[in-house]
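Let me begin by handing over the structure; questions about it come next.
The values are calculated or read from the model by the stated rules, or taken from the named source; none is laboratory data. A quick note: this is a predicted structure, and the numbers were derived from the prediction, not measured. Neighbour counts run over all protein chains shown; Cβ positions are idealised from the backbone, glycine included.
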Amino acid sequence: MDFKQAVAAAEAVLFAAGDPVSVERLCLALGMGKDEVRETLAALSARLENTESGIKLVRVGERYQLCTRSEFSEQIRAALETRKQPALSASALEVLSIIAYRQPVTRVYIEQVRGVDSSYTVSSLAEKGFIEECGRLEVPGRPILFRTTAVFLRVFGLDTLEDLPPLPEGDENGQLPLASELALQREDGGVG
């Protein structure tokens, strides 16, 4: 298959998948090496940009996904008759901040940092796919450990956790800032 066909094939695979697809999976599907797949995806991304398409290629770590552009979200909602999802609450943003910067963490750790019960918020974030269980702490009671997910990265427009804004220096207590103090802005982005 020539390069033009490879770009079209990558687009077809990503469109059909709907969810983010790993580079390894794309290598298998397209019969190419990682460098060739990355070059193909760069060409696809450029083509979508140059043609002012309503779709864009989004990278989340080593996974790729086709998503709609945020500027068309109102039209998409109108066509699909869906309501705009409510923004995350301040408590949800606090919990996400704690998990993102200190992961993996237990619910008890989150509650110690926040000073309030966080059971509902942790459950809600897990249900929405922002966080997930990632094992158990090897102490009596074996509490569940939580970490952020690819959904978290995608919604906040991050490629990796290293892209999180740095924590303020000089905090004597070692406490995390409130979510409102972080530069995390939810991307009212497109539909995945």
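Within the stretch 141-163, restricting attention to residues that are at pLDDT below 90 and in a loop (DSSP other than H, G, I, E, B), which residue is nearest to residue 106 (Cα to Cα)?
141
Something else: Of these, 47, 25, 63, which one is buried (at least 17 other Cβ atoms within 10 Å of the Cβ) and charged (D, E, K, R)? So that I can check it myself, show each step before the final result.
Values: 47 fails: buried (at least 17 other Cβ atoms within 10 Å of the Cβ); 25 fails: buried (at least 17 other Cβ atoms within 10 Å of the Cβ).
After applying the criteria, what remains is 63.
Yes or no: residue 30 free of Cβ contacts under 8 Å to residues at least 60 places away in the same chain, in contact with an Asp or Glu (Cβ under 9 Å, 6 or more places away or on another chain) and outside the structural domain of residue 157 (by TED's automatic domain parsing)?
Working: free of Cβ contacts under 8 Å to residues at least 60 places away in the same chain: yes; in contact with an Asp or Glu (Cβ under 9 Å, 6 or more places away or on another chain): yes; outside the structural domain of residue 157 (by TED's automatic domain parsing): yes.
When the stated conditions are applied, residue 30 passes them.
Only one residue in 154, 69, 142 is at positive phi and not small (Gly, Ala, Ser), so which one is that?
Numbers: 154 fails: at positive phi; 69 fails: at positive phi.
Unique residue meeting the criteria: 142.
Condition first: on the phi > 0 side of the Ramachandran plot and in a helix (DSSP H, G or I). Now tell me which residues in the stretch 114-137 satisfy that. Working first, answer last.
We begin by selecting, within the stretch 114-137, every residue on the phi > 0 side of the Ramachandran plot; these are 115, 129, 135.
Within the stretch 114-137, none qualify.
Please pick out the residue among 58, 105 that is more than 17 Å from the chain's Cα centre (by Cα) and among the β-branched types (Val, Ile, Thr). Even if it seems obvious, please write down each step before you answer.
On the way: 58 fails: more than 17 Å from the chain's Cα centre (by Cα).
Going through 58, 105 in turn, just one is more than 17 Å from the chain's Cα centre (by Cα) and among the β-branched types (Val, Ile, Thr): 105.
Need a quick list: helices (runs of 4 or more DSSP H) entirely within the stretch 1-112 having at least 3 residues that are over 28 Å from residue 127 (Cβ atoms).
Details: elements: 3-17, 23-30, 34-50, 73-80, 90-102.
Because the criterion is at least 3 residues that are over 28 Å from residue 127 (Cβ atoms), the helices (runs of 4 or more DSSP H) in the stretch 1-112 that meet it are 3-17, 23-30, 34-50.
Okay, next question. In the stretch 55-112, what count of residues is obtained for those that are modelled with pLDDT under 90, β-branched (Val, Ile, Thr) and farther than 24 Å from residue 22 by Cβ?
2
Of everything in the stretch 3-22 that's in contact (Cβ under 8 Å) with a residue 40 or more places away in the chain and exposed (fewer than 12 other Cβ atoms within 10 Å of the Cβ), which residue is farthest from residue 54 (Cα to Cα)?
Within the stretch 3-22, the first condition is being in contact (Cβ under 8 Å) with a residue 40 or more places away in the chain, and the residues that meet it are 3, 7, 11, 14-15, 17-22.
Filter once more, so that each one left must be exposed (fewer than 12 other Cβ atoms within 10 Å of the Cβ): 3, 15, 18-19.
On the way: 3: 23, 15: 13, 18: 15, 19: 17 Å.
This residue is 3.
When you scan the stretch 109-134, how many residues do you find that are in contact with a Pro (Cβ under 7 Å, 6 or more places away or on another chain) and surrounded by fewer than 13 Cβ atoms within 10 Å (Cβ to Cβ)? Can you show your working first?
Filtering the stretch 109-134 for residues in contact with a Pro (Cβ under 7 Å, 6 or more places away or on another chain) gives 134.
Imposing the further condition that a residue be surrounded by fewer than 13 Cβ atoms within 10 Å (Cβ to Cβ) reduces the set to none.
Final tally of qualifying residues: 0.
Filtering the stretch 166-186 down to residues that are of a type outside the set (S, T, N, Q) and surrounded by fewer than 11 Cβ atoms within 10 Å (Cβ to Cβ), which residue is modelled with the lowest pLDDT?
Applying the first criterion (of a type outside the set (S, T, N, Q)) to the stretch 166-186 yields 166-172, 174, 176-179, 181-184, 186.
Next, only the ones that are surrounded by fewer than 11 Cβ atoms within 10 Å (Cβ to Cβ) stay: 166, 168-172, 174, 183.
Details: 166: 86, 168: 75, 169: 67, 170: 51, 171: 50, 172: 44, 174: 50, 183: 33.
Checking each candidate, the answer is 183.
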